[in-house]
Amino acid sequence: MTKWLGAFMLECKNIGFYYNRSNWLFRNIHLSIERGEIIGIYGKSGSGKTTLAKIMANYLSPTEGEVLVDGEKSNHSEVYPVQLIWQHPEQAINPKWKLSKIFEEAKELDQDIPSILGIKEEWLNRRAHELSGGELQRFCIARAFHPDTRYIIADEITSMFDAITQAQIWHALIRLVKERNIGVLAISHHISLLERISDRIIDFNQLKGASEKSF
Amino acid sequence: MHVYELNHETQEELEKIQNNLLLEVKNLSLTIERFGKGWTRERLYVIRDFHLKIHHGEVVAIVGASGSGKSLLADAILGIHPKNSIVDGMIKYENELLTEKRRKRLRGNDILLIPQMTNALDPLMKVGKQVKTLMKQNNHQKAVKQIFQKVGLDPDVYDQIPSACSGGMIRKIFIAMALASEAKLIIADEPTNGLDYESIDEMLFQIKMLEKDNKGVIMITHDLEAAMKVADKIAVFYAGETVEVVDKKHLKKGGKFRHPYSRALWNALPQNGFIAIDSTQPSATEKLTGCSFAKQCPKATKKCKIEKPLLKEISHDEMVRCFYAGM
Ligand SMILES: Nc1ncnc2c1ncn2[C@@H]1O[C@H](COP(=O)(O)OP(=O)(O)OP(=O)(O)O)[C@@H](O)[C@H]1O
Ligand SMILES: Nc1ncnc2c1ncn2[C@@H]1O[C@H](COP(=O)(O)OP(=O)(O)OP(=O)(O)O)[C@@H](O)[C@H]1O
Ligand code: SF4
Ligand SMILES: [Mg+2]
Ligand SMILES: [Mg+2]
């Protein structure tokens, strides 16, 4: 039974990483997210949360250890089942594109997603610099909900929103991921937000600290 | 019903306040004209009616709906708004009209913008150098590294390029820029976005130091808690309009925000109710009749849908735009 369940998880096994040979950012990170589960994670600025997010979403290769998606190592299929929503939307969207192109790119994207996220039709024929920070972030969130998405890493995704929009978006996201059985790792500094949205909360510094002891 | 007492300043006091005025914005509007779908022209009423006063040695926070025009407001003050937009209304800097020519002279010297978007940094230039270029004197590395330490950045970050910095580090580099410059007015767009609690407190402390230095700081933020900690006044922005300006003293005494939108914002904070009221602010393409908040307001009446509430002054520098505020 546990073995069967174990297969439907996003797992970090013994992950270690450095940008600079002389300096490990973290080592021996163990973390697993089940499908349909929302895990909140917080930790000091510069501690490596975004870096871990990139590793989990296959943008960076770990220096050591491996990431398993439902029991398998990353295969380079067309759409990666782990989607990363970036901390800064302005860095994640091609500034030359009209935003309608985001949806053309993601052809199989669900019809309802844009309206659930409050994306207005009139924004589609604009480019990134013609939208506000929060408006742009909605496109990044929408794009992550591909039919093949099984896990989402949400890196500080609602700090660009006012409190009302933040609450609206998270209420909608929670419904969506539960319906679709998507596992979520939500990174935020805002612990009271994590308490509202997460099934379980992890302190990244402890996660790192626990591993340091076992160096 | 509340009864608001007006402050009765003497003539002398009033003059002092007037002389100390750093920036005054009245009836500001910003309209964008662009080609919409299929070559139709569309007009976006992004800022409809904005008012703000800020004095030397004062911090004013601007909070409000995402997309309500906060970043464009900052651009309009600096005169770097999009080419296809028209700005109307009055902006005075140190009691004189802010003309195009003055703006050019003041921009970057007297008035500094800390941007919301992290891609405002030069991606190829060492971040330390980018801070250094803003310094008038002490134009050396050591001074920059000292500032870095003040804002909680490792001095070694000097030699990094922006892409090697974390989200929080970029915000700290931005505030380092404000400290390095000699600007009198700093407009900081979401300076605490994505920072941990400890860093937020450090950041707010630095903003307080700027205030002590007799500078004016306009802090645009979604972080209502940070705003309440650091700001003397909070201006609430919705659909391009100022809907409320509240003095911190009022909130400190246990007073509530007066406008229903501000209250909804408060109740939506995760540490309060995490309550999401329905719907969104009207689109910038809409011409508004009645109260801009009527569609979302739990207290809206028939009158609200037909008649437009004016921004009423309720005490010195405090204002609210609602027929029923305070009831
Ligand atoms: N491309 C890079 N090259 C070199 N160093 C990097 C690079 N990206 C990040 N770093 C460094 O790695 C550390 C961790 O950065 P990361 O972005 O993962 O932190 P974070 O926990 O997400 O922080 P924040 O909460 O501020 O976003 C930082 O010290 C940063 O300077
Ligand atoms: N160059 C532009 N052309 C057309 N519309 C624009 C342009 N720039 C901004 N807008 C629109 O103007 C409105 C206000 O944008 P602004 O960036 O000022 O919002 P904001 O209040 O800063 O929001 P956020 O909190 O999300 O950053 C938005 O609805 C946005 O779509
Ligand atoms: S005027 Fe009416 S709709 Fe507008 S905020 Fe007040 S009660 Fe609500
Ligand atoms: Mg980060
Ligand atoms: Mg903005």
Here the gain from full extension of B:His316 to B:Lys299, 0.36 nm per residue of separation minus their alpha-carbon distance, amounts to 3.5 nm
Please compare each pair in B:Lys184/B:Lys249; A:Lys44/B:Lys184; B:Lys70/B:Lys295; A:Lys120/B:Lys26 to a cut-off of 26 Å on the Cα-Cα distance and tell me which ones are over it. A:Lys44/B:Lys184; A:Lys120/B:Lys26
Once you charge only the Cβ atoms, +1 for Lys and Arg and -1 for Asp and Glu, what is the size of the charge dipole of the stretch B:60-122 about its Cα centre, to the nearest 20 debye? 140 debye
Might you report the magnitude of the Cβ-based charge dipole of the protein assembly as shown about its Cα centre, with Lys and Arg at +1 and Asp and Glu at -1, to the nearest 20 debye? 640 debye
Three-way shape call for the stretch A:93-215 based on the alpha-carbon gyration tensor, with the a/c threshold at 1.5: prolate
At R0 = 35 Å, FRET efficiency that the Cβ-Cβ distance of B:Asn109 and A:Arg127 yields, to 0.05: 0.70
Among B:Asp317, B:Asp223, B:Asp213, A:Asp148, what's the order by accessible area (1.4 angstrom probe), most exposed first? B:Asp213, A:Asp148, B:Asp223, B:Asp317
Could you work out the equivalent-ellipsoid semi-axes for the protein assembly as shown, taking the square root of 5 times each eigenvalue of the Cα gyration tensor, largest first, in whole Å? 39, 29, 22
Can you pull out the trypsin sites (Lys or Arg not before Pro) in the stretch B:70-102 that DSSP calls coil and that have at most 15 other Cβ atoms within 10 Å? B:Lys83
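Using only the alpha carbon atoms of the stretch B:198-308, find the Kirkwood hydrodynamic radius as the inverse mean reciprocal pair distance, in angstroms to one decimal.
15.8 Å is the Kirkwood radius here.
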Separation of the B:Arg41 and B:Lys129 label points, Cα + 7 Å toward Cβ, nm: 4.5 nm
Which of B:Ser262, A:Gly36, B:Cys291 sits farthest toward the positive end of the charge dipole of the protein assembly as shown, with +1 on the Cβ of Lys and Arg and -1 on the Cβ of Asp and Glu? B:Cys291
What total accessible surface area, summed over both chains, is buried at the interface between chains A and B, computed with a 1.4 Å probe and given in Å² to the nearest 100? 3300 Å²
Using +1 at the C-beta of Lys and Arg and -1 at the C-beta of Asp and Glu, which of B:Tyr93, A:Leu173, B:Val320 has the Cα lying farthest in the positive direction of the dipole of the protein assembly as shown? B:Tyr93
What is the sum of charges, Lys and Arg at +1 and Asp and Glu at -1, for the other residues whose Cβ falls under 10 Å from the Cβ of A:Leu176? 0
Exposure of B:Arg48 as accessible area (Å², to 10), given a probe of 1.4 Å and all protein chains: 50 Å²
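Compute the FRET efficiency between A:Glu108 and B:Gln149 as 1/(1 + (r/R0)^6), taking r as their Cβ-Cβ distance and R0 = 56 Å, and round to the nearest 0.05.
Working: r = 50 Å, r/R0 = 0.90.
Using R0 = 56 Å, I get an efficiency of 0.65.
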In the stretch A:9-208, what percentage of the DSSP-assigned beta bridges are antiparallel, given to the nearest 5? 45 percent
Mind checking the log10 I(q)/I(0) for chain A at q = 0.09, 0.14 Å⁻¹? Debye, one equal scatterer per Cα, no solvent, two decimals. -0.35, -0.86
Helix-only mean residue ellipticity at 222 nm for the protein assembly as shown, each DSSP H run of n ≥ 4 adding -39500 (n - 2.57), per residue, nearest 500: -8500 deg cm²/dmol
Averaged per residue, what accessible surface does the protein assembly as shown expose to a 1.4 Å probe, in Å²? 46 Å²
In the protein assembly as shown, taking the dipole from +1 charges on Lys and Arg beta carbons and -1 charges on Asp and Glu beta carbons about the Cα centre, the listed residue (B:Leu78, A:Leu68, A:Thr158) farthest towards the positive end is B:Leu78
On average, how many beta carbons from a partner chain sit within 10 Å of the beta carbon of a residue in B:263-276? 6
Percent RCO, i.e. relative contact order, over chain A, from Cα pairs under 8 Å lying at least 6 residues apart: 31 percent
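I need the GluC sites (Glu not before Pro) found in the stretch A:76-154, filtered to DSSP loop residues with at most 14 other beta carbons within 10 Å of theirs.
Filter output for the stretch A:76-154: A:Glu78, A:Glu108.
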Rounded to a whole number of µm²/s, how large is the Stokes-Einstein D of the stretch B:62-197 at 20 °C and 1.002 mPa s, given Rh as the Kirkwood radius over C-alpha pairs? 134 µm²/s
Sequence gap at least 6, Cα distance under 8 Å: using those rules, report the relative contact order of the stretch B:30-115 to the nearest whole percent. 28 percent
If ligands, DNA and RNA are left out, what is the accessible area of B:Ile306 with a 1.4 Å probe, given in Å² to the nearest 10? 130 Å²
Looking only at aspartates and glutamates whose Cα falls under 20 Å of B:Lys142's and that sit 8 or more positions away or on another chain, we get B:Asp154, B:Asp156, B:Asp159, B:Glu182
Considering only DSSP states other than H, G, I, E and B, which trypsin sites (Lys or Arg not before Pro) in the stretch A:37-138 qualify as loop sites with at most 12 other Cβ atoms within 10 Å? A:Lys96, A:Lys107
Quantify, in whole percent, the carbon and sulfur part of the accessible surface of the stretch A:9-208 (1.4 Å probe; protein heavy atoms only). 44 percent
Tell me, in nm to one decimal, what length is gained between A:Ile201 and A:Lys73 on full extension, where the rule is 0.36 nm per residue of separation less the Cα-Cα distance? 43.5 nm
About the Cα centre, charge dipole magnitude for chain A (Lys/Arg +1, Asp/Glu -1 at Cβ), debye: 440 debye
Determine the order of B:Thr301, B:Thr289, A:Thr165 by accessible area, beginning with the largest, at a probe radius of 1.4 Å. B:Thr289, B:Thr301, A:Thr165
Calculated P(r) tail over 35 Å for chain B, as whole % of Cα pairs: 23 percent
Would you mind counting up the charge near B:Gln271? Only other residues with Cβ under 11 Å from its Cβ, with Lys and Arg at +1 and Asp and Glu at -1. -1
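The values are calculated or read from the model by the stated rules, or taken from the named source; none is laboratory data. Please read these numbers as outputs of a predicted model, since none were measured by experiment. For neighbour counting, all protein chains shown are included, and Cβ atoms are generated from backbone atoms with ideal geometry for every residue, glycine included. All accessible areas refer to the heavy atoms of the entire protein, side chains included, with ligands and DNA or RNA removed. Shrake-Rupley method; radii C 1.70, N 1.55, O 1.52, S 1.80 Å.
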